[in-house]
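What follows draws every value from the coordinates through simple rules; no lab data is involved. Keep in mind the model is a prediction, meaning the values are calculated, not measured.
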């Protein structure tokens, strides 16, 4: 498997796959990174959008939990924190999505607050072990 990104001017393969998996909407500021199999199918993808001065939101889609490899996670967290110099990444997860809630906690995100039907998490660059490995 290899790490890939959607490129400006090309068909957004990773975004389209993420949209089919969990309805990630298109946005002009969406940046994606993913893991593609040798047959061209997408195994996992991470998208970043809603960029602010010091933060952005992270979207994740994967076909199996094993698709979120350490290599992909390191590259995914390196992008907002190291490449873009952001201080925090946020994730908003539906409170009924137990698999994702477990995943973000395991990755090191910290719960910030709950809404009527979602949970907001934060990962800071200071606390991100994925950029320290």
Which number do you get for Rg(Cα) / (2.2 N^0.38 Å) in segment 54-95? 1.26
Computed from every Cα-Cα pair in segment 1-73, P(r) in 10 Å bins starting at 0 and rounded to whole percents is 21, 55, 23, 2
Just to confirm the number: angle between the C-alpha axis of helix 13-22 and the first principal axis of the chain, 0 to 90 degrees, nearest 10? 50
Descending semi-axes in whole angstrom, ellipsoid equivalent of the chain, from the Cα gyration tensor: 21, 17, 15
Remind me, relative contact order of segment 42-110 in percent, using alpha carbon pairs under 8 angstrom and six or more residues apart? 30
Segment 5-47: Rg to Rh, with Rh as the Kirkwood radius over Cα pairs: 0.93
Relative contact order, percent, segment 1-96 [alpha-carbon distance under 8 Å, six or more residues apart]: 23
C-alpha long axis of helix 98-107 to longest principal axis of the chain, angle in °: 80
